[in-house]
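Below is one structure, written out as structure tokens; comments come after it.
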Amino acid sequence: MSRQRYFAYKNRQLHVEDVPVELLAKEVGTPFYCYSTAALTHNYHVLKDALPKSALIAFSVKANGNVAVLKTLGREGAGADVVSGGELQKAIAAGIPADRIVFSGVGKTAEEMRLALSVGIHQFNVESEPELEALSGVAAAMGAKAPVTIRVNPDIDAKTHAKITTGTAETKFGVPWTRARAVYGHAGRLPGIEVVGVDVHIGSQITDLQPFRAAFARVAGLIGDLRRDGHQITRADLGGGLGVSYRHDSEPPDAEAYGRMIAQATSGLDVELIFEPGRLIAATAGVLITRVIYVKEGEARKFLILDAGMNDLMRPALYDAHHDIIPVAQPQPNAPTLRYDVVGPVCETTDSFARDRDLPESKGNDLMAILTAGAYGAVMASAYNARPPAPEVMVNGRQWFVVRPRFTLEALIALDKVPGWLEH
């Protein structure tokens, strides 16, 4: 998914659509996230156009849960994939119809199940036998039947980062492939359960289509087996996982090739197809804008110390993830390049965005943009070191709006309550 047209230099200043980043920095302060409406809708439609027309694209709320982002995608026809009661309520607050919402996750509580049943979600993606039994009990007590797909674990190694792999044999997600038919048999006998389909998700940030092809082939075979066992399988939830390009010099995955693979893998199955992309839609639609506090000269290294930290963008510290970083003011063609470690102010060695990164020579107060930060950025932020997380801004053409304000230190401190015995 290309970001070039929505985050581009104009008059030597980086713009998000038609709004100069420097203006936003003056008005909002740094650091802050900025999302492009046009990029979000473009990415959604590139995927939608590549998939069968009847497919439900349920945006993965865990990738970016801002209600303005969800509302933008919901208006384009997207549903939502949620993994908590809070995400479910966010999706509903964004106006996404309940019948376009699927509920995934390994630890659904009875309270969350009741909420989802009461609003009439499209389906539950069940991940274990104990969850299946709990859901049946909750639904039966409500006089309802829960529409269920069971997440099967096809034991496919997607060759992605160990911390975002979900489809191998030993993982907390899904039921083992060897037990899939037995679990479906048990589900079919439970009073509060209506088996409607099969669910699979093998991981995130996958850029090779072969693991998908192998997993979906196994799912197609399972659907045939389950139908022979007497189950009415009308849906196949094929998860998300298709990655994006985080480096300017690498090619993004081909959505059209992905769509062709899907068509081949599901040919003749006669099922509703459901997809749960998050990163693919949101990642390239957002940037994190930050300011250089200091340029520090070490013995053998130069450090750019930014006002954004790992509490704002956790991915580099958690996953060793790469994000391209560019100056907001476009350098001259012959500007000198230096090698920096780009770090944040958090009191942790792991608070680092890049090591040995060649960047145009920078100085204190320069604005920098950390690219491809629209997914798993703001949603993973914390207030570590008593640093309120970065606010979020959305741009639509020449318009912009703060869609999540900066949390003040006063509000942060007010969250802590002092017991009476410390009042005197």
Exercise. What residue, among those in the stretch 142-159 that are surrounded by 21 or more Cβ atoms within 10 Å (Cβ to Cβ) and not in a strand (DSSP E or B), is modelled with the highest pLDDT?
Worked result: PRO154
Exercise. When you scan the stretch 280-300, how many residues do you find that are surrounded by fewer than 24 Cβ atoms within 10 Å (Cβ to Cβ) and not acidic (Asp, Glu)?
Worked result: 8
Problem set entry | Residue in the stretch 357-376 that is out of contact with any strand residue (DSSP E or B) (no Cβ under 9 Å at 6 or more places or on another chain) and within 24 Å of ILE281 (Cα to Cα) present | yes
Seminar exercise, completed: Scanning the stretch 196-234 for residues that are buried (at least 23 other Cβ atoms within 10 Å of the Cβ) and of a type in the set (Gly, Ala, Ser) gives GLY197, GLY203, SER204, ALA215
Exercise. When the stretch 410-424 is examined, which residues are found to be closer than 24 Å to SER382 by Cα, of a type in the set (D, E, K, R) and either in a loop (DSSP other than H, G, I, E, B) or touching a Ser or Thr at 6+ places or on another chain (Cβ under 7 Å) (or both)?
Worked result: ASP416, LYS417
For this session: Go through the stretch 245-261 and count every residue that is of a type outside the set (D, E, K, R), surrounded by 13 or more Cβ atoms within 10 Å (Cβ to Cβ) and within 21 Å of the chain's Cα centre (by Cα).
Result: 7
For this session: Restrict the check to the stretch 87-96 and report whether at least one residue is modelled with pLDDT under 95, more than 20 Å from VAL196 (Cα to Cα) and surrounded by 15 or more Cβ atoms within 10 Å (Cβ to Cβ).
Result: no
Exercise. Say we look at the stretch 398-424 and pick out the residues that are free of Cβ contacts under 8 Å to residues at least 60 places away in the same chain and under 14 Å from PHE32 (Cα atoms); which of these is surrounded by the fewest Cβ atoms within 10 Å (Cβ to Cβ)?
Worked result: THR408
Exercise. Before we move on, is PHE353 surrounded by fewer than 16 Cβ atoms within 10 Å (Cβ to Cβ), of a type in the set (Phe, Trp, Tyr), modelled with pLDDT of 95 or more and in the same structural domain as LEU306 (by TED's automatic domain parsing)?
Worked result: no
Problem set entry | Residues that are surrounded by fewer than 20 Cβ atoms within 10 Å (Cβ to Cβ), closer than 19 Å to ASP237 by Cα and in contact with a helix residue (DSSP H, G or I) (Cβ under 6 Å, 6 or more places away or on another chain), drawn from the stretch 97-127 | ALA98, GLY120
Seminar exercise, completed: Scanning the stretch 342-369 residue by residue, those more than 15 Å from THR290 (Cβ to Cβ) and outside any loop (DSSP other than H, G, I, E, B) turn out to be ARG355, ASP356, ASP358, PRO360
For this session: Scan the stretch 243-258 and report the pairs whose first residue is outside the structural domain of HIS322 (by TED's automatic domain parsing) and in contact (Cβ under 8 Å) with a residue 60 or more places away in the chain and whose second residue is charged (D, E, K, R) and part of a helix (DSSP H, G or I), with Cβ atoms within less than 9 Å and a gap of 6+ or a chain change.
Result: GLY243/ARG279; VAL244/ARG279; ALA255/ASP49; GLU256/ASP49
Seminar exercise, completed: So, first residue on the phi > 0 side of the Ramachandran plot in the stretch 203-216, second residue at pLDDT 90 or above and in a helix (DSSP H, G or I), Cβ within less than 8 Å, six or more apart or across chains; the pairs are GLN205/ARG279
Problem set entry | Residues being in contact (Cβ under 8 Å) with a residue 60 or more places away in the chain and touching a helix residue (DSSP H, G or I) at 6+ places or on another chain (Cβ under 8 Å) - total across the stretch 267-285 | 9
Exercise. Restricting the first residue to the stretch 364-379 and requiring it to be touching a residue at least 60 places away in the same chain (Cβ under 8 Å), which pairs with a second residue that is of a type in the set (D, E, K, R) and assigned to a loop (DSSP other than H, G, I, E, B) meet a Cβ separation below 6 Å and a spacing of at least six or different chains?
Worked result: LEU371/ASP324
For this session: For the stretch 319-341, name all the residues that are in a strand (DSSP E or B) and more than 21 Å from ALA283 (Cα to Cα).
Result: ALA329, THR337, LEU338, ARG339, TYR340, ASP341
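The values are calculated or read from the model by the stated rules, or taken from the named source; none is laboratory data. It should be emphasised that the depicted structure is a prediction, and the values quoted were computed from it without experimental measurement. Note: ideal-geometry Cβ built from the backbone for every residue, glycine included; neighbour counts use all protein chains shown.
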